[in-house]
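I have placed the structure first, in the form of structure tokens, so that the comments after it can refer back to it.
The values are calculated or read from the model by the stated rules, or taken from the named source; none is laboratory data. These numbers were taken from a predicted model, which means no experiment stands behind them. Backbone-built Cβ (ideal geometry, glycine too); neighbour counts: all protein chains shown. Note: accessible area is taken over every heavy atom of the protein model, side chains too, but ligands, DNA and RNA are not part of it. Shrake-Rupley method; radii C 1.70, N 1.55, O 1.52, S 1.80 Å.
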Amino acid sequence: MTVESSVRHMEVGLGMGKNPTLICAPIMADTVNQMVELMHKAKFKGADIVEVRLDHMKSLDPRPDIEMLIRECPLPTLFTYRPIWEGGEYNGDEISRFDALQLAMELGADHIDIELKAAHEFMNHIRGNKPEKCKLIVSSHNYEYTPSAEELGNLVARIQAAGADIVKFATTANDITDVARVLQITVHSQVPIIAMVMGERGIMSRLLCPKFGAYLTFGTLEEGKVSAPGQPTIDELISLYNFRSINTDTKVFGIIGKPVSHSKSPKLYNRAFKEAGVNGVFVHLLVDDVKKFFETYSSPDFFGFSCTIPHKEVALACCDEVDPVAKSIGAVNCLIRRPNGKLFGCNTDYIGAISSIEIGLQDGASQIGSPLAGKLFVVIGAGGAGKALAYGAKEKGARVVIANRSYDRARDLAELVGGQALTLAELNSFHPETGMILANTTSIGMQPNVEETPISKEALRYYELVFDAIYTPKITRLLREAQEAGSKIVTGVEMFIGQAYEQYERFTGLPAPKQLFRDIMADY
Ligand code: NAP
């Protein structure tokens, strides 16, 4: 995207002031009393404003209920009475709905929301009698897709023409690049704007909106209790994403993957950014088409990316410049957008994994050279992580064997590192010697499929050490059974921490806060 920023390099110590974008907590409950309780909870959690979803109440006695909601609310209010035809719960007549919203305005609501489709009728209904204090949000929701930039521009014009003080539209992301059009509209809007892209592929729109000047974002009280798909919690916004510190100059970092929501990277980097005063935010990026992603988000504002399953090899092909080791491995897991717009890729996986396995093998006695030298090193998987492990083991003087679901890929990788290829089926009976090293680099056994394992427990007794790249869960079935079979184990958390040190230093030019990373990951 072409959103411009005057900052072309990482800045330290900036962005710590509070941006003006509000955090709005949607309040949905059956009764007025429950609503009031949730309003106080929203304030306690750090919301700036609450959206009172009148349509979620079991029954509404407009005057006393709205009076009490306004009187008892500890925060500014936004009243929404969303009809079924716009994705809400209200199923009654329009006159009663308009009357309730008008009453809310008269009783002191700070904002009311009216749908674009009903705005003309509503304006006629209130005959222009809107208290000065109350801001009118005119909203439009598209639950299917995100229209073109031109169509979005026309939509905003129609919303403004309908009399909006604040423009609101929410669309649906079918691809993460849909968000770029919405951020573009946000940054250029002449009027206050709330612009969201719903769904997991649109989450970035909800987190980065202060950078682009949006009026508010929605943050839920609890996980899963959303009023629209993809909403983060208030806790996540404030504590995980440092939402208050995001400003125009904030650099965007993220992990590209599919699936990606399991990744702990945002927790690690955002905490480290906060402690070091780095003006950056790190988000999950659910990407389907890597090439399209990098073509769309080509501004240096989108500065650094981690890359995970299944994109590491395709990502390499998107780079203008590739580190020679990553080129040999054939996969990148860390990408940086240079100030001149060129994309640089490197691989920090192999350092993280190999060093943690070496540490796992060391028995305290000082040793010359790598403890991997001369060992038979079996890698399961031939994707990005598999290639990194195979390359790293070969570099350390191990004899490498590759077993993979797609045998052709195992054979290609084996040829590359001068090793032997196996099918997954051959793995259980492959034990030419004892004291071997096993490294799983597939997603077999990863959440939610935690009962899966790539090799029988019986076969594990031939291995001195078993490593699993998976880190959710930390102890996979493979590692549990390896322990029971008497092998040493090294978890994917160790690899994750090792590769993250290296990435952090490349992203920021600062030394990685190693103890902080270890402390954060100790909880997993
Ligand atoms: P990738 O490039 O997509 O490669 C995936 C590999 O897993 C391929 O060899 C694939 O076999 C195999 N595979 C996938 N699903 C399978 C299944 N159901 N049965 C058998 N084999 C299967 O992914 P990656 O980036 O290398 O990541 C692989 C794993 O390592 C992931 O679980 C990831 O979370 C983990 N990882 C962890 C760290 C860390 O820091 N701890 C770092 C990187 C990766 P085919 O060739 O037949 O498709």
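Please say if the range 138-241 is rounded, prolate or oblate, where rounded means a/c under 1.5 for a ≥ b ≥ c the square roots of the C-alpha gyration tensor eigenvalues, and otherwise the choice is prolate for a/b larger than b/c and oblate otherwise? Prolate, since a/c reaches 1.5 and a/b exceeds b/c.
Extension gain for GLU275-ARG405 works out to 42.5 nm (0.36 nm per residue, less the C-alpha to C-alpha distance). All C-alpha to C-alpha distances of the range 321-427, sorted into 5 Å bins beginning at zero, yield P(r) values of 2, 13, 21, 20, 17, 12, 8, 4, 2, 0 percent in whole numbers. Placing +1 on each Lys and Arg Cβ and -1 on each Asp and Glu Cβ, with no other charges, gives the chain a dipole about its Cα centre of roughly 1080 debye. If you fit an axis through the alpha-carbon atoms of helix 116-126 and take the longest principal axis of the Cα set of the chain, what angle between them do you get, 0 to 90°, nearest 10? Result, in degrees: 20.
Whats the longest run of the chain with zero GluC sites (Glu not before Pro) that are DSSP loop and have at most 12 other Cβ atoms within 10 Å? The longest uninterrupted stretch comes out as 224-432. Normalised per residue, the accessible area of the range 385-479 is 44 Å², obtained with a 1.4 Å probe and no contribution from ligands, DNA or RNA. Relative to the compact-globule estimate of 2.2 N^0.38 Å, the Cα radius of gyration of the range 276-321 comes out at 1.23.
Apply the a/c threshold of 1.5 to the C-alpha gyration tensor of the range 120-173 and tell me whether it is rounded, prolate or oblate. Since a/c reaches 1.5 and a/b is larger than b/c, the shape of the range 120-173 is classed as prolate. For VAL378, the residues whose modelled amide H falls within less than 5 Å of its own, excluding neighbours fewer than 5 places apart on the same chain, are VAL401, ILE437, LEU438, ALA439. In a reduced charge model with +1 at each Lys and Arg Cβ and -1 at each Asp and Glu Cβ, the range 225-359 shows a dipole moment near 240 debye about its Cα centre. Note on LYS457 and ALA425: the extension gain reaches 10.1 nm, defined as 0.36 nm multiplied by sequence separation minus the Cα-Cα distance. Extension gain for LYS474 to GLN515 (0.36 nm times residue separation, less C-alpha to C-alpha distance): 12.9 nm.
Across the options LEU286, THR296, PHE344, the greatest Cα extent toward the positive end of the charge dipole of the range 215-371 (unit charges at beta carbon of Lys, Arg, Asp, Glu) belongs to THR296. Axis angle, to the nearest 10 degrees, between helix 62-72 and the longest C-alpha principal axis of the chain: 60 degrees. The fraction of accessible area contributed by carbon and sulfur in the range 397-524 is 47 percent, rounded to a whole number (1.4 Å probe; ligands and nucleic acids excluded).
If R0 is taken as 45 Å, the Cβ-Cβ distance between GLN483 and GLN190 corresponds to a FRET efficiency of 0.10. What FRET efficiency do you get for HIS40 and LYS327 if R0 is 51 Å and r is their Cβ-Cβ distance, rounded to the nearest 0.05? Rounded to the nearest 0.05, the efficiency is 0.35.
Apolar share of the accessible surface for the range 86-165: 46 percent from carbon plus sulfur atoms, 1.4 Å probe. Taking only the alpha-carbon positions of the chain and ignoring solvent, what does the Debye formula give for the base-10 log of I(q)/I(0) at q = 0.06, 0.09, 0.11, 0.13 Å⁻¹? For the chain, the Cα-only Debye profile gives -0.35, -0.71, -0.94, -1.16. Here r is the Cβ-Cβ distance between ASP412 and GLU433 and R0 is 35 Å; the resulting FRET efficiency, rounded to 0.05, is 0.90.
Here is the list for the range 183-292: trypsin sites (Lys or Arg not before Pro) lying in DSSP coil, each with at most 15 other C-beta atoms within 10 angstrom of its C-beta, are LYS225. In terms of overall dimensions, the C-alpha atoms belonging to the range 389-524 reach 45, 33, 27 Å along their principal axes, ordered largest to smallest. In the range 205-250 the Cα-Cα distances spread across 5 Å bins starting at 0 as 5, 25, 30, 24, 11, 4, 0 percent of all pairs.
Between SER298 and ASN124, the modelled label-to-label distance comes to 4.8 nm, taking each label 7 Å out from Cα in the direction of the beta carbon. Working from Cα positions, state the angle (0 to 90°, nearest 10) between the long axis of helix 265-276 and the longest principal axis of the chain. Between the helix axis and the principal axis of the chain, the angle is about 80 degrees. Rounded to whole numbers, the Karplus 3J(HN,Hα) couplings from phi for the range 216-230 are 7, 10, 9, x, 7, 6, 9, 4, x, 8, 9, 9, 8, x, x Hz, using 6.51 cos²θ - 1.76 cosθ + 1.60 with θ = phi - 60°, and x at Gly and Pro. Using the 1.4 Å probe convention, the accessible area of the range 269-339 works out to 34 Å² per residue with neighbouring protein chains retained.
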